[in-house]
1. Find the residue count for segment 87-123, including only residues that are closer than 14 Å to residue 137 by Cβ and aliphatic (A, V, I, L, M).
2. In segment 58-92, which residue that is among the basic types (Lys, Arg) and part of a loop (DSSP other than H, G, I, E, B) is surrounded by the fewest Cβ atoms within 10 Å (Cβ to Cβ)?
3. I'm trying to understand the selection: among the residues of segment 222-247, which are of a type in the set (Asp, Glu) and at pLDDT 75 or above?
4. What about residue 88, is it within 18 Å of residue 116 (Cβ to Cβ) and under 20 Å from the mean Cα position of the chain (by Cα)?
5. Among (1) over 22 Å from residue 236 (Cα atoms); (2) assigned to a loop (DSSP other than H, G, I, E, B); (3) more than 15 Å from the chain's Cα centre (by Cα), which single condition is residue 140 missing?
6. What are the residues in segment 29-57 that are of a type in the set (Ser, Thr, Tyr), assigned to a strand (DSSP E or B) and over 14 Å from residue 76 (Cα atoms), if any?
7. Do we find that residue 184 is among the small types (Gly, Ala, Ser) and exposed (fewer than 11 other Cβ atoms within 10 Å of the Cβ) in this structure?
8. For a quick check of your reading of the model, give me the residue pairs whose first member lies in segment 187-198 and is in contact (Cβ under 8 Å) with a residue 12 or more places away in the chain, whose second is assigned to a loop (DSSP other than H, G, I, E, B), with beta-carbon atoms closer than 6 Å and at least 6 apart or on different chains.
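The values are calculated or read from the model by the stated rules, or taken from the named source; none is laboratory data. In this text the structure is predicted, and so the values were computed from the model without any measurement. Here the Cβ positions follow ideal geometry from the backbone for every residue, glycine too, while neighbour counts run over all protein chains shown.
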Amino acid sequence: MWVSQRASVKDPWGTPQNLGPNINSAFNDASPALSSDGHRLYFSSNCPDGFGNNDIYVSRRNNKRDDFAWQPPVNLGGGVNTIADEQGPEYFEDDETGIITLYFVSNRLGGLDGNDIYASTLNEDGDEETFGPAVLVTELSSPFDDQGPAIRRDGREVYLTSNRPGTLGAGGQAIDLWVATRASTSDPWATPVNLGPVVNSVFIDGGPALSRNGTELYFHSPFRPGNVGGPMFDIWVTTRTKLRHSD
């Protein structure tokens, strides 16, 4: 995993730098997600000390402005991880209730098929490594591959990737970005809606990450005109006007 900084939201991003051996291993370390206070980094890895294939880990740092002070990661344990694949963590802290929920992707038994989206709540004892049993988020999951939840700061909007019916492209190889909303954090999610051809291509569009103010959606995609990596994945961003507080 790598990190890039910029002086302000109007400045370009700097050259990415490797996070170093405390975070990165000789295995696949991916899908980083920061806690809202910037002191914890959640990510997935297939290093051999886990429960199964990919597990979710957390690392801490005391200084949230020091990108190279991360401590060795700790496996989140059996509330989140299984012998299957767990990846794509997304941290959400509800400002109204104080409840912390970790959304993630898993292909474990008991889902709707393929990759589904799950949620696990931090235990009330405040142990930052102990999350409760994960629950399938049925509104966001389908019998197809559903991945990459990215939740707006207020918890009322979530972006995900899926190859469910309605995806652009043919042959079942395309993956699109979708969005779902809810009236409040205590309400169920509405049915996800495809973001359409302005954002999605007929190829693979995934890995959504929403800016803190909700106006920038970052994602990865290959093959698009202008891709620096050609057929490899590049990072793209789409913007929208600033949200009203009532949204």
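1. Residues that pass the stated criteria total 5.
2. Step by step, filter segment 58-92, then rank; the result is 65.
3. 234
4. In short, yes.
5. (3)
6. Answer for segment 29-57, where residues must be of a type in the set (Ser, Thr, Tyr), assigned to a strand (DSSP E or B) and over 14 Å from residue 76 (Cα atoms): just 31.
7. So residue 184 passes the test.
8. Correct list of pairs: 188/139; 189/139; 189/140; 189/182; 194/166.
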